[in-house]
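The values are calculated or read from the model by the stated rules, or taken from the named source; none is laboratory data. Given the structure is predicted, the values throughout are model-derived calculations rather than measurements. Cβ atoms come from the backbone with ideal geometry, glycine included; neighbour counts cover every protein chain shown. Heavy atoms of the whole protein, side chains included, go into the accessibility calculation; ligands, DNA and RNA do not. Shrake-Rupley method; radii C 1.70, N 1.55, O 1.52, S 1.80 Å.
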Amino acid sequence: GTKETLALYPIFQQSKTPVFLIKKPLLGTHFIRQLQSLASVLVIEDNLLNLHLMKLFFQQLGVRIDCAPTLKEAKEKLETGIHHYYFIFSDIYLPDGSTKELPEYVRKLCRSIGRKTVRVAAITAHASQNEVDQYEQAGFVKVLAKPIRIEDLQKILKRELPHELWRNPFPDEED
């Protein structure tokens, strides 16, 4: 696989609003082509800049995402469409509450429709090792520190998304 990284460079126009450019291609086209649009991920994030960056990252990875800025909206999306999602990335602290119980909530929803559990990764800017341990014990498969690196997202997607989404997943890498 390629070892290139995504470089984002802020450009400030007259309004002083940051605009980000992707400096160079990130991944081989094989990974992007093989990951079909069937892969849908829910991203729960209240910070608009972080959400924009996550959208850019997932776009580079060829993954469709759905977004929710609050825990309430996330739960509504999950209740009406849990069958659409293959994975969830969630900020830990949202304006309307903590997502610590989210993995258990998702497990119950999936059980109610007879579906395999959709797994959840936490995203945070401020987590001590004690908090990381607590979130992993609560059922999060991974706790990612901000700023998020696209390589971390790619590793999680390779591990967590169903391999039947690819005809020949990741042929240039060994297990």
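Count the net charge of all other residues whose Cβ sits under 13 Å from the Cβ of THR70, scoring Lys and Arg as +1 and Asp and Glu as -1.
Summing Lys/Arg as +1 and Asp/Glu as -1 gives -3.
Can you sort LYS55, LYS100, LYS72 by solvent-accessible area, 1.4 Å probe, largest first?
Order by accessible area, largest first: LYS72, LYS55, LYS100.
Just to verify a number: what accessible area does GLU79 come out at with the full protein assembly present, 1.4 Å probe, Å² rounded to tens?
Rounded to the nearest 10, the figure is 120 Å².
Report THR117's accessible area, 1.4 Å probe, all protein chains in place, as a number in Å² to the nearest 10.
Result for THR117: roughly 60 Å² accessible.
In terms of solvent-accessible area of protein heavy atoms at a 1.4 angstrom probe, what is the ranking of LEU49, LEU42, highest value first?
Largest accessible area first, the residues go LEU49, LEU42.
Amide H neighbours of CYS67 under 5 Å, at least 5 residues apart or on other chains, H built in the peptide plane: list them.
Distant-sequence amide H within range of CYS67: VAL43.
Can you pull the percent of segment 38-134's accessible area that's carbon plus sulfur, 1.4 Å probe, other chains left in place?
Using a 1.4 Å probe with all protein chains present, segment 38-134 comes out at 52 percent carbon and sulfur.
Mind checking the full-extension length gain between GLU151 and LEU56? Use 0.36 nm per residue of separation minus the Cα-Cα distance, one decimal, nm.
My answer for the length gained is 32.9 nm.
What are the ³J(HN,Hα) values, in whole Hz, obtained from phi via the Karplus relation 6.51 cos²θ - 1.76 cosθ + 1.60 with θ = phi - 60°, for each residue of segment 41-51 in sequence order, with x given for Gly and Pro?
Per-residue couplings from phi come out as 10, 9, 10, 10, 8, 8, 7, 5, 5, 4, 5 Hz.
Given a 1.4 angstrom probe, what's the average accessible area per residue across segment 66-113, in square angstrom?
For segment 66-113, the per-residue accessible area is 50 Å².
With a ≥ b ≥ c taken as the square roots of the eigenvalues of the C-alpha gyration tensor of segment 67-141, please select rounded if a/c is under 1.5 and otherwise prolate if a/b is larger than b/c or oblate if it is not?
Oblate shape, in that a/c is at least 1.5 and b/c is the bigger or equal ratio.
Once ligands and nucleic acids are excluded and a 1.4 Å probe is used, how much of LEU51 is accessible, expressed in Å² to the nearest 10?
For LEU51, solvent-accessible area is about 20 Å².
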